[in-house]
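The values are calculated or read from the model by the stated rules, or taken from the named source; none is laboratory data. Predicted, not measured: the structure shown is a model, and the values here were computed from it. With ideal geometry, Cβ positions are generated from the backbone for all residues, glycine too; neighbour counts draw on all protein chains shown.
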Amino acid sequence: MTSPADRRAIVFIGPMGAGKTSVGKKVARLLGVPFTDTDKAVIAAHGPIPQIFADHGEARFRAWERDAVAHALTSGGVVALGGGAVLDPSTREALAAHRVVLLSVDESVIRGRIGDGARPLLAGEDPVAAWKRIAAERRPIYDSVADVTFDTSTGPLQQLAERIADWVREETP
């Protein structure tokens, strides 16, 4: 029989390009648990995020994102949230019952990670300047819900994933 603590998700939060999906997949493999990317869940149900923003606006995207996050959290395992998911108060409240890992990344390495042009919030201006502004605005929220922070700016992601998996094992009763 599993305890409620065993069903808590390991949730990755952080700015765009921090590596939530890449690291989250590796941690899930190491722990032998399922992985869910809430952005991918929204895409599967509603189409590409840039198209959602264009056709329905950010508010509709955030509503669909909130639903995807709620579903993923009840499923457990490892969950990677979109960078703005924590803006929703009900999502922040739900995260209190889970283990939340904030992934940070230095702005000096972000250009190579966000250059694909598929991020609506970075369109229309210098993407790095937009990223810096958005990351700074969200940082207090990230810090308020995170249990631990790991930086993804340097080193192999596999080693980072191993460190995070070790942290999870230490935190699991």
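Residue under question is Val42, and the condition is that it be touching a residue at least 24 places away in the same chain (Cβ under 8 Å), more than 26 Å from Ser153 (Cβ to Cβ) and β-branched (Val, Ile, Thr); does it hold?
Answer is yes for this residue.
Would the range 36-43 turn up any residue that is within 18 Å of Val145 (Cα to Cα) and at pLDDT 95 or above?
Yes: the range 36-43 contains one or more residues that are within 18 Å of Val145 (Cα to Cα) and at pLDDT 95 or above.
Can you list residue pairs whose Cβ atoms sit under 9 Å apart, with the first residue in the range 58-75 being over 23 Å from Val101 (Cβ atoms) and the second being exposed (fewer than 13 other Cβ atoms within 10 Å of the Cβ)? Count only pairs 6 or more apart in sequence or on different chains.
Partner pairs satisfying both residue conditions: Trp64/Ala45.
Residues being in contact with a Lys or Arg (Cβ under 9 Å, 6 or more places away or on another chain) and of a type in the set (D, E, K, R): count how many of those fall in the range 48-96.
1
Tell me the residue from Val105, Val78, Val69, Val86 that is within 28 Å of Ala165 (Cβ to Cβ), β-branched (Val, Ile, Thr) and modelled with pLDDT under 95, please.
None of the other options fit; the residue is Val105.
I'm trying to understand the selection: among the residues of the range 9-53, which are among the polar types (S, T, N, Q) and more than 17 Å from the chain's Cα centre (by Cα)?
Gln51
Sort out which residues of the range 124-173 are of a type in the set (Gly, Ala, Ser), in a helix (DSSP H, G or I) and free of Cβ contacts under 8 Å to residues at least 40 places away in the same chain, and write them in order of number.
Ala129, Ala130, Ala136
In the range 131-173, what count of residues is obtained for those that are closer than 15 Å to Leu95 by Cβ and among the charged types (D, E, K, R)?
4
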